[in-house]
Each structure stands twice: as structure tokens, then as C-alpha cells.
1. With each label point set 7 Å from Cα along the Cα-Cβ vector, what nm distance links Ile32 and Asp3?
2. Give me, ordered by chain and number, the residues 5 or more places off Cys52 or on other chains with an amide H under 5 Å from its own placed amide H.
3. Tabulate in residue order the Karplus-calculated ³J(HN,Hα) for the stretch 6-21, using 6.51 cos²θ - 1.76 cosθ + 1.60 with θ = phi - 60°, rounded to whole Hz; enter x for Gly and Pro.
4. Apply the Karplus curve 6.51 cos²θ - 1.76 cosθ + 1.60, θ = phi - 60°, to the phi angles in the stretch 40-49 and return the couplings in whole Hz, x for Gly and Pro.
5. Where only protein heavy atoms count, and the probe is 1.4 Å, what is the accessible area per residue for the chain in Å²?
6. Computing the accessible area with a 1.4 Å probe over protein heavy atoms, can you report the carbon and sulfur percentage for the chain?
7. So between Asp24 and Asn48, what do we pick up on full extension, going 0.36 nm a residue minus the alpha carbon distance?
Amino acid sequence: MADVVIKARANGPLKVTGPVTIVDADGAPFVIPTGNAIVLCRCGRSRNKPFCDASHRDAGFEADDTAPRAER
């Protein structure tokens, strides 16, 4: 079984690869084509939530995308 990887794109959506199921508030699953990556909105402006529609570009969305580094 493949691992699920979630990558924060710079000032953009979360890219999800691997086998994943997304369920809405009523418990119904979204249809996601097998083998495709999906991108999830982080800016809150998408008209296709929870999926990204690139609205972050027009909104000027900025995010802190860098994971904190462990201190030595």
C-alpha cells in the first residue's frame, strides 16, 4: 500500500498524493479519480471547496510553509 504524502505548496494549496478518501460534513465521500493527486484549499477563497481552484493567487494568500527545524 502506498503512503499518503501531504505537501504544502508555497503560498498555495495542500497537495495530497496516495490513497485517500475525503468525506463531506454529511458523511458522503467525494469522488476522487484513482491514481490522481488532489489539491486542497488553504486560503478559504476556493469556489470548489475543499479543493483548490487557484483563488489563492488573486487573494494574495501567504502562508508559513517551512517546517520548524529541530534545535541541536
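The values are calculated or read from the model by the stated rules, or taken from the named source; none is laboratory data. Keep in mind that what you see is a predicted model, and the values were worked out from it rather than measured. Here Cβ is always computed from backbone atoms with ideal geometry, including for glycine, and neighbour counts include all displayed protein chains. Keep in mind that these areas ignore ligands, DNA and RNA; they rest on the heavy atoms of the full protein, side chains included. Shrake-Rupley method; radii C 1.70, N 1.55, O 1.52, S 1.80 Å.
1. Reported label-point gap for Ile32 and Asp3 is 1.7 nm.
2. Val39, Leu40, Cys41
3. Running phi through 6.51 cos²θ - 1.76 cosθ + 1.60 with θ = phi - 60° gives 10, 10, 7, 7, 4, 6, x, x, 8, 8, 10, 10, x, x, 9, 10 Hz.
4. 10, 5, 10, 7, x, 9, 4, 8, 10, 4
5. Result: 79 Å² of accessible area for each residue.
6. Solvent-exposed carbon and sulfur of the chain make up 49 percent of the total.
7. 7.4 nm
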